[in-house]
Amino acid sequence: MNKVLTGGLALSIGLGLIAIFVAPFIPGLNGVIIALLLGILIRNSISLPQYFEEGISYSSTKFLEISILFLALGIDYNQISNLGLVSFVGLSIMVFIMLTVTYYMAKWFRCPTNTGILVGFGTAICGSSAIAALAPTLENSEKEDVAISMAVVNLFGTLGMIGLPLLLGHLEWNDTQIGMMVGGSLHSVGNVAGAGFAIGKDAGDVAITVKLARVALLTPGLIYLNFLNQKGKETSSKNAFKLPWYLIGFIAISIINSVVQIPTEILSPLSQTGKIILTVAMAAIGLKVSFKKLLNVGKRGLRFGLVSFFVQMFIMLAIITWLI
């Protein structure tokens with residue numbers, strides 16, 4: 001291996017492994033976020049040798065792209081049939097309205113670079129995983145965009161996990177309505193499980209089914225965002241749907257995973273490998289983030305994330321009223 005790559009690559013891997021090790025002992029934070037925070041802390045606490053930069057850049061880009069292939073193993077299009085056609089159509093409408101609204105709302109908020117687009121995508125689909133899948137496809141994207149976006153969706157996802165059961169407890173809704181709202185508005189599967197089962201088993205089961213159907217919309221969501229990004233540019237309609245190699249691989253793997261029953265003894269180690277690679281990528285991204293830029297971007301990112309969260313809840317309320 002190129003000696004120039006070694007230092008930064010080793011540091012990224014080391015921080016990623018530390019994050020994975022300590023994650024079970026830190027409630028409310030997963031390894032991905034811990035790795036990101038560790039990277040930011042190291043970057044802004046000590047002066048790293050210049051020759052580390054190439055290895056850090058390599059880890060933050062290539063590892064992130066590779067991790068996307070493994071994320072596809074968590075997508076199963078069979079969840080669509082579990083939800084039912086009418087509910088899935090309603091959920092799809094919500095997701096694509098949300099993607100459209102937040103895409104243009106990010107411009108209105110004047111969110112720096114791609115922060116708003118990433119926050120909107122993470123809010124609409126599945127939190128950190130969605131952000132990780134979208135980030136490499138965006139032009140002029142900076143590492144601060146990913147850091148802020150992940151921090152914002154995890155913050156509001158956690159607040160929603162705590163607050164939504166308290167709010168829904170005062171409404172005379174049935175378990176299906178509650179499950180639809182929880183599964184359709186919270187950011188990650190962990191947030192949905194925490195809020196849904198805090199209300200009740202039946203509501204939790206519906207919420208998880210809805211959430212997994214949202215995760216299944218990650219692939220069409222990526223294609224749609226790519227189309228929006230290319231729209232208006234001097235490119236052909238063919239280029240608007242042109243995808244990088246890792247997204248083509250992502251789509252292929254997700255289809256195979258939905259058609260072929262992969263044994264758990266194979267799927268589990270592969271999924272775990274993907275999480276490790278993503279965690280290392282997040283550590284490397286953190287190693288490229290400065291506090292100064294983070295604070296400048298963070299204020300708008302937080303405001304945008306809060307508005308996006310309430311917009312999504314409003315859209316879900318409309319869908320639930322229409323369907324149920």
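Please determine whether any residue of region 45-63 is surrounded by fewer than 21 Cβ atoms within 10 Å (Cβ to Cβ) and within 30 Å of VAL259 (Cβ to Cβ).
Yes, because at least one residue in region 45-63 is surrounded by fewer than 21 Cβ atoms within 10 Å (Cβ to Cβ) and within 30 Å of VAL259 (Cβ to Cβ).
Applying the selection to region 131-158, what residues are of a type in the set (A, V, I, L, M) and under 19 Å from ILE34 (Cβ atoms)? ILE131, ALA132, ALA135, VAL146, ALA147, ILE148, MET150, ALA151, VAL152, VAL153, LEU155, listed by residue number. Out of the residues in region 112-157 that are of a type in the set (Asp, Glu) and not in a helix (DSSP H, G or I), state the one that is modelled with the lowest pLDDT. Among those that are of a type in the set (Asp, Glu) and not in a helix (DSSP H, G or I), it is GLU142. A single member of GLY163, GLY179 is free of Cβ contacts under 8 Å to residues at least 24 places away in the same chain, assigned to a helix (DSSP H, G or I) and more than 19 Å from GLY120 (Cβ to Cβ), and it is GLY163. Looking at region 20-36, is at least one residue touching a residue at least 60 places away in the same chain (Cβ under 8 Å), surrounded by fewer than 20 Cβ atoms within 10 Å (Cβ to Cβ) and closer than 19 Å to GLU144 by Cβ? Scanning region 20-36, I find no residue that is touching a residue at least 60 places away in the same chain (Cβ under 8 Å), surrounded by fewer than 20 Cβ atoms within 10 Å (Cβ to Cβ) and closer than 19 Å to GLU144 by Cβ, so the answer is no.
Among the residues of region 155-178, which ones are in contact with a helix residue (DSSP H, G or I) (Cβ under 6 Å, 6 or more places away or on another chain) and over 10 Å from ALA195 (Cβ atoms)?
Matches in region 155-178: PHE156, ASP175, THR176, GLN177.
Within region 262-276, being surrounded by 10 or more Cβ atoms within 10 Å (Cβ to Cβ) and either under 18 Å from ILE33 (Cα atoms) or not hydrophobic (A, V, I, L, M, F, W, C) (or both) holds for SER268, PRO269, SER271, GLN272, THR273, GLY274, LYS275, ILE276. Within region 73-111, the residues that satisfy the criterion of being part of a helix (DSSP H, G or I), over 16 Å from the mean Cα position of the chain (by Cα) and of a type in the set (Phe, Trp, Tyr) are PHE88, TYR104, TRP108, PHE109.
Report yes if some residue within region 69-83 is over 16 Å from VAL146 (Cα atoms), crowded, with 21+ Cβ neighbours inside 10 Å, small (Gly, Ala, Ser) and touching a Phe, Trp or Tyr at 6+ places or on another chain (Cβ under 9 Å); otherwise report no. Yes, region 69-83 contains at least one residue that is over 16 Å from VAL146 (Cα atoms), crowded, with 21+ Cβ neighbours inside 10 Å, small (Gly, Ala, Ser) and touching a Phe, Trp or Tyr at 6+ places or on another chain (Cβ under 9 Å).
The values are calculated or read from the model by the stated rules, or taken from the named source; none is laboratory data. Small disclaimer: the values here were computed from a predicted structure and weren't measured. Backbone-built Cβ (ideal geometry, glycine too); neighbour counts: all protein chains shown.
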